[in-house]
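The values are calculated or read from the model by the stated rules, or taken from the named source; none is laboratory data. Please read these numbers as outputs of a predicted model, since none were measured by experiment. Cβ placement follows ideal geometry from the backbone for every residue including glycine, while neighbour counts extend to all protein chains displayed.
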């Protein structure tokens, strides 16, 4: 049986926000859509150019629901307030975007077919994530879920990054 190390899988992913691993996340999807214009000119019916006009970067993710305070991307939707007015004011006057990093777990040392040491390599960092939507559901015979979505301001760039390794909580 060959060693399967090239393909990224969910089991190898660690997703962090502010250096802390996010637990109970089921999926993360990012979409970067480019809007282009059409340049034809007078007397032409075919397009000569397709210049880039804008890029819209969207994300969405699903979680297993624990409770409405601890589930979701940390720091995006602070509901720990004393009044509805505080919540509204916080949303309007203090929208704080977060960055999330997707890590890829790699085997560093393998002895006799047993992984002795691993390392986490940055797959990508998604910067300035803004929350646009949160929904949650409770269904018969199902595990409850919470969904979040929104936009991020810049496309994901593959380059050298100096992000500290994630602090993954120990499992008991």
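Within the stretch 108-121, does at least one residue satisfy the condition of being within 28 Å of residue 31 (Cβ to Cβ), without any contact (Cβ under 8 Å) to a residue 60 or more places away in the chain and out of contact with any helix residue (DSSP H, G or I) (no Cβ under 7 Å at 6 or more places or on another chain)? Checked the stretch 108-121: at least one residue is within 28 Å of residue 31 (Cβ to Cβ), without any contact (Cβ under 8 Å) to a residue 60 or more places away in the chain and out of contact with any helix residue (DSSP H, G or I) (no Cβ under 7 Å at 6 or more places or on another chain). Criterion applied to 37, 112 was being exposed (fewer than 12 other Cβ atoms within 10 Å of the Cβ), within 27 Å of residue 14 (Cβ to Cβ) and more than 14 Å from the chain's Cα centre (by Cα), and the one residue passing it is 112.
Within the stretch 152-169, being part of a loop (DSSP other than H, G, I, E, B) and either farther than 17 Å from residue 17 by Cα or at pLDDT 90 or above (or both) holds for 153, 154, 155, 156, 157, 158, 159, 160. Filtering the stretch 119-151 to residues that are surrounded by 13 or more Cβ atoms within 10 Å (Cβ to Cβ) and not in a strand (DSSP E or B) leaves only 144. Taking first residues from the stretch 76-98 that are in contact (Cβ under 8 Å) with a residue 60 or more places away in the chain and partners that are part of a loop (DSSP other than H, G, I, E, B), the Cβ contacts under 9 Å between residues at least 6 apart in sequence or on separate chains come to 76/96; 76/97; 98/18; 98/73; 98/74; 98/75; 98/76.
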